[in-house]
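Peer 1: Have a look at the structure that comes next, please.
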There are 2 protein chains.
Amino acid sequence: MKTMKALQWDGASLALKTVAKPEAKAGEVLVRLTKAGICNTDLEIIRGYYPFTGTLGHEFVGIVEQAPRRSLIGKRVVSDINSSCHQCAMCLAGNPHHCIKRSALGIHGKDGAFAEYLTTPEENLVIVPDSLDDNLAVYAEPLAAALEIQEQVDFSRHEGVLVIGDGKLGLLITLSLAQAGLEVTLLGHHPERLELPGLDNISFCTSPPDLKFPVVVEATGNPSGFATAVQLTAPRGTLVLKSTYKGNLAFNPAPLVVNEITLLGSRCGPMDKAVALLACGAINPAGLTQDIFPLADATRAIARANKKGALKVLLEMTG
Amino acid sequence: MKTMKALQWDGASLALKTVAKPEAKAGEVLVRLTKAGICNTDLEIIRGYYPFTGTLGHEFVGIVEQAPRRSLIGKRVVSDINSSCHQCAMCLAGNPHHCIKRSALGIHGKDGAFAEYLTTPEENLVIVPDSLDDNLAVYAEPLAAALEIQEQVDFSRHEGVLVIGDGKLGLLITLSLAQAGLEVTLLGHHPERLELPGLDNISFCTSPPDLKFPVVVEATGNPSGFATAVQLTAPRGTLVLKSTYKGNLAFNPAPLVVNEITLLGSRCGPMDKAVALLACGAINPAGLTQDIFPLADATRAIARANKKGALKVLLEMTG
């Protein structure tokens, strides 16, 4: 087979196309995809948030079909989405995720995972233990992004954390912070979502509490969520900006300056930690899966993911 | 004398009025003012940035006239501008500058320094050494605000810092960072200002350099300065927001999230360090003084400070 199906965005429209099967370059492996997850970033690319064109998708699990190291062939894997040059100033400073020349699968400069195959650097792979089902392993990438917050914020200094937004990202963040033993309050619209496993000790509120928090995580992706986050961050506290937004935010910077708030942008995180936490069952996001569509129905899957209140929609490449 | 002159803002207009001389409450001292400095915050209050009404002014030096401790009487002093309750959660957590019930001289809940007298808590005083002239001591408050950046940012991890804005605040920040041995680049409009003492080792540019910096300090107070600051902050870098702004900033948060930038609000700083650095001559802001007006001409002084490109305008209460 020299061709494959891929869901592509050309800057104006979205279509499932028959395209050339990708070829692994030096240092890369060829992965046959089995499952992929739809992220808000995918939806925002389609809304014009990013200049990316090509095959969408960056949350996935698959099986290595070709690899420089033969022992990898047949292994089930997930992959960090950033390809780094290892030569620029950011790479040399130990920040390959911020490589100046990086590509990011399905987001910037490299075709992604809503397809039958993709290529990715061998060094980016994390092998998925046999015990970890594809339906959970596919959450490794967004869970890693949630875990990045713990890489950036020193929680030993803080007692409580507020997460704003009970969508799929907000819930993964909440699961990860609760698993780390933190006292989490979740501000959202869906109290029934607390029934997901791992959320039994979470405080939930549907309107802003009359309380400020030393750490607030904004995961709504909308300007009113951001404004609420600024309002609920304690003086000298930290506001983690986890969402991507379409276009500009208008905000009054005075509270940030007067209250000396630290606003912290946060993106991709440690895939190995995410796989480990999923594999041992410490974090179980199974309940976040809203629906599963075959790749052939990828445009319908995107439409489903775009519906208000939708949780995670998965694509299935096999069967 | 039971009355005094004071420059007051009533929410709509500015006027030099004859008002009652303030009386020191428990724990307070009465200070006879000798010099005061006009800050952009004063100008922004007049533009409607803050709901404050009363006597403006928070940069000053004066002489203690009444005090619980008699040894203080006759001493030349400057004062931290924040009065704290010592009982709220922020005070108990060791952040009296962020006291929930605080007042701030000439900014919030307490009359300020563009007058013949003010009252301030004795605990807020820093005594001015005889060797330090009033014309320099009056810079203690804005210099403390500049020094706050060094309290918040761990510069041991960084090589270079960019300061955006060569107005009076940007120059004080530049002086303070250069004095600390940091490699400072200043982006501004007035290369001739580098002739001020202490700025001989500064790199100056009049347009954004083709380079990103691990630490950027925004001190222009205008939205285009903020946009430039976001653009010039390196991935995982820190953007210090030092200026107050009138109204909202519109900004695209994507670079903050994607580049995992830390945006840090910064306000008042350590008055004792500021006085020490001024007294030993390590920082000499004398060249920042644009003009000195008698208190009787305070409205003219404000108009002068409001002129584009103006540096520090001082008020003189005696002589």
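Peer 1: Could you put A:Arg47, A:Arg304 in order of accessible surface area, largest first, with the 1.4 Å probe and the full protein assembly present?
Peer 2: These residues rank, largest area first, as A:Arg47, A:Arg304.
Peer 1: Given a 1.4 angstrom probe, I'd like the percentage of the accessible area of the range B:146-265 that is carbon and sulfur, rounded to a whole number.
Peer 2: Answer for the range B:146-265: carbon and sulfur cover 47 percent of the accessible area.
Peer 1: Let me confirm one metric for peptide B:261-270, namely the mean number of other chain beta-carbon atoms within 10 Å of its residues' beta-carbons.
Peer 2: Per residue, the average neighbour count from other chains is 6.
Peer 1: When chain A is modelled as a GNM with alpha-carbon springs shorter than 10 Å, which of A:Tyr117, A:Tyr139, A:Tyr50 fluctuates the most?
Peer 2: Residue with maximal mean-square fluctuation among A:Tyr117, A:Tyr139, A:Tyr50: A:Tyr50.
Peer 1: If you don't mind, there's one more thing I want to ask. If Rh is defined by the Kirkwood formula over all Cα pairs and Rg also comes from Cα, what ratio Rg/Rh do you get for chain A?
Peer 2: Computed over Cα atoms, the ratio is 0.96.
Peer 1: Among A:254-262, B:140-148, how do they line up from the highest to the lowest mean number of other beta-carbon atoms within 10 Å?
Peer 2: B:140-148, A:254-262
Peer 1: Could you give the dipole magnitude of chain A about its Cα centre, charging the beta-carbon of Lys and Arg +1 and that of Asp and Glu -1, in debye to the nearest 20?
Peer 2: 820
Peer 1: So, one more: Okay, helix-only estimate at 222 nm for the protein assembly as shown: each DSSP H run of n ≥ 4 adds -39500 (n - 2.57), divide by all residues, round to 500 deg cm²/dmol; what do you get?
Peer 2: That calculation yields -6000 deg cm²/dmol at 222 nm.
Peer 1: Have a look at the DSSP beta bridges in the protein assembly as shown and tell me what percent are antiparallel, nearest 5.
Peer 2: Just about 55 percent of them are antiparallel.
Peer 1: Around A:Leu186, which amide H atoms from residues at least 5 apart in sequence, or from another chain, sit under 5 Å from its own amide H, with H modelled in the peptide plane?
Peer 2: Answer set, sorted by chain and number: A:Val163, A:Ser203, A:Phe204, A:Cys205.
Peer 1: For the range A:23-34, in order, what is each residue's ³J(HN,Hα) by Karplus, 6.51 cos²θ - 1.76 cosθ + 1.60 with θ = phi - 60°, in whole Hz (x at glycine and Pro)?
Peer 2: For the range A:23-34, the Karplus curve yields 10, 5, 8, 3, x, 9, 10, 9, 10, 8, 6, 10 Hz.
Peer 1: Also, I was wondering about something else. Tell me the per residue accessible area of the range B:146-265 using a 1.4 Å probe; a whole number in Å² is fine.
Peer 2: 38
Peer 1: Quick one: how many Å² of A:His189 are accessible to a 1.4 Å probe, rounded to 10?
Peer 2: Here the accessible area works out near 150 Å².
Peer 1: Going by a ≥ b ≥ c, the root eigenvalues of the Cα gyration tensor, does the range B:33-147 fall in the rounded group (a/c under 1.5), the prolate group (a/b larger than b/c) or the oblate group?
Peer 2: oblate
Peer 1: So if I take the centroid of the Cα atoms in the range A:257-313 and the same for the range B:68-105, what is the distance between those two points in Å?
Peer 2: Their Cα centres are 47 Å away from one another.
Peer 1: Exactly which trypsin sites (Lys or Arg not before Pro) in the range B:96-204 are in a DSSP loop and have at most 15 other Cβ atoms within 10 Å?
Peer 2: For trypsin sites (Lys or Arg not before Pro) across the range B:96-204 that sit outside H, G, I, E and B with at most 15 neighbouring Cβ atoms in 10 Å, the list reads B:Lys101.
Peer 1: Ratio of alpha-carbon Rg to the 2.2 N^0.38 Å globular estimate for the range A:130-184, to two decimals, please.
Peer 2: 1.21
Peer 1: Sticking with this one: Quick one: label points 7 angstrom along Cα→Cβ at B:His190, distances to the other copies in nm, smallest first?
Peer 2: Nearest to farthest, the other copies are at 5.5 nm.
Peer 1: Go through the range A:167-175 residue by residue and turn each phi into a ³J(HN,Hα) via Karplus (6.51, -1.76, 1.60, θ = phi - 60°); whole Hz please, and just put x for glycine and proline.
Peer 2: x, 5, 6, x, 5, 4, 4, 4, 4
Peer 1: Heavy-atom accessible area of A:Lys35 with all protein chains present, probe 1.4 Å, nearest 10 Å²?
Peer 2: Number for this one is 20 Å².
Peer 1: So the label point sits 7 Å from Cα along the Cα-to-Cβ vector; using that for B:Pro129, what distances do you get to the other copies, in nanometres, sorted shortest first?
Peer 2: Result for B:Pro129, in nm, nearest copy first: 6.3.
Peer 1: Across the range B:264-271, in residue order, what do the Karplus-derived ³J(HN,Hα) couplings come to in whole Hz, using 6.51 cos²θ - 1.76 cosθ + 1.60 with θ = phi - 60° and x for Gly and Pro?
Peer 2: My calculation for the range B:264-271 gives 10, x, 9, 10, 6, x, x, 5 Hz in order.
Peer 1: How far is it, in nm, from the label point at B:Arg300 to the one at A:Gln152 when both lie 7 Å from their Cα along the line to the Cβ?
Peer 2: In this crude spin-label approximation the distance works out to 5.2 nm.
Peer 1: Still on this structure: Buried accessible area for the A:B pair, summed, 1.4 Å probe, in Å² rounded to 100?
Peer 2: Chain pair A/B: roughly 3000 Å² of buried accessible area.
Peer 1: Would you mind checking A:Lys212/B:Lys168; B:Lys21/B:Lys168; B:Lys2/B:Lys307; A:Lys35/A:Lys308; A:Lys273/A:Lys308 for any pair whose Cα atoms are more than 28 angstrom apart?
Peer 2: With Cα atoms farther than 28 Å apart: A:Lys212/B:Lys168; B:Lys21/B:Lys168; B:Lys2/B:Lys307; A:Lys273/A:Lys308.
Peer 1: Right, next: Under the rule a/c < 1.5 gives rounded, and otherwise a/b versus b/c splits prolate from oblate, where does the range A:55-111 land using the Cα gyration tensor?
Peer 2: The shape class here is oblate.
Peer 1: Once you keep just the Cα pairs under 8 angstrom separated by 6 or more residues, what percentage relative contact order results for chain A?
Peer 2: 18
Peer 1: Take the Cα coordinates of the range A:253-294, assign each an equal point scatterer, and use the Debye formula without solvent to give log10 I(q)/I(0) at q = 0.20 Å⁻¹.
Peer 2: Normalising to I(0) and taking log10 leaves -0.78.
Peer 1: Rg and Dmax of the range A:146-265, Cα atoms, in Å?
Peer 2: 13.2, 40
Peer 1: In nm, what is the difference between 0.36 nm times the number of residues separating A:Gln66 and A:Ala12 and their Cα-Cα distance?
Peer 2: Full extension of this stretch gives 16.1 nm more.
Peer 1: When the solvent-accessible surface of protein heavy atoms is calculated with a 1.4 angstrom probe, in what order do B:Asp10, B:Asp130, B:Asp42, A:Asp80 fall, highest first?
Peer 2: Ranking B:Asp10, B:Asp130, B:Asp42, A:Asp80 by accessible area, largest first, yields B:Asp130, B:Asp10, A:Asp80, B:Asp42.
Peer 1: Okay, moving on. In the range A:193-237, whose amide N lies under 15 Å from the spot 7 Å out along Cα-to-Cβ of A:Asn248? List them in ranges.
Peer 2: Flagged as within label range: A:223.
Peer 1: In peptide B:96-106, what is the residue-averaged number of other protein chain Cβ atoms found within 10 Å of each Cβ?
Peer 2: Mean number of neighbouring Cβ atoms from other chains: 1.
Peer 1: Then there is this: What is the magnitude of the charge dipole of the protein assembly as shown about its Cα centre, with +1 placed on the Cβ of each Lys and Arg, -1 on the Cβ of each Asp and Glu, and no other charges, expressed in debye to the nearest 20?
Peer 2: The calculated dipole for the protein assembly as shown is roughly 940 debye.
Peer 1: Between copies, how far does the label point of A:Lys101 sit from its twins, in nm, shortest first, when each point is 7 Å from Cα along Cα→Cβ?
Peer 2: Distances between equivalent label points, in nm: 6.1.
Peer 1: Determine the shape class of the protein assembly as shown: with a ≥ b ≥ c the square roots of the Cα gyration tensor eigenvalues, call it rounded for a/c under 1.5, and otherwise prolate if a/b is greater than b/c, oblate otherwise.
Peer 2: prolate
The values are calculated or read from the model by the stated rules, or taken from the named source; none is laboratory data. As the structure is a computational prediction, the values presented were derived from the model and not from experiment. Neighbour counts run over all protein chains shown; Cβ positions are idealised from the backbone, glycine included. Calculation scope for accessible area: heavy atoms of the full protein, side chains included, ligands and nucleic acids excluded. Shrake-Rupley method; radii C 1.70, N 1.55, O 1.52, S 1.80 Å.
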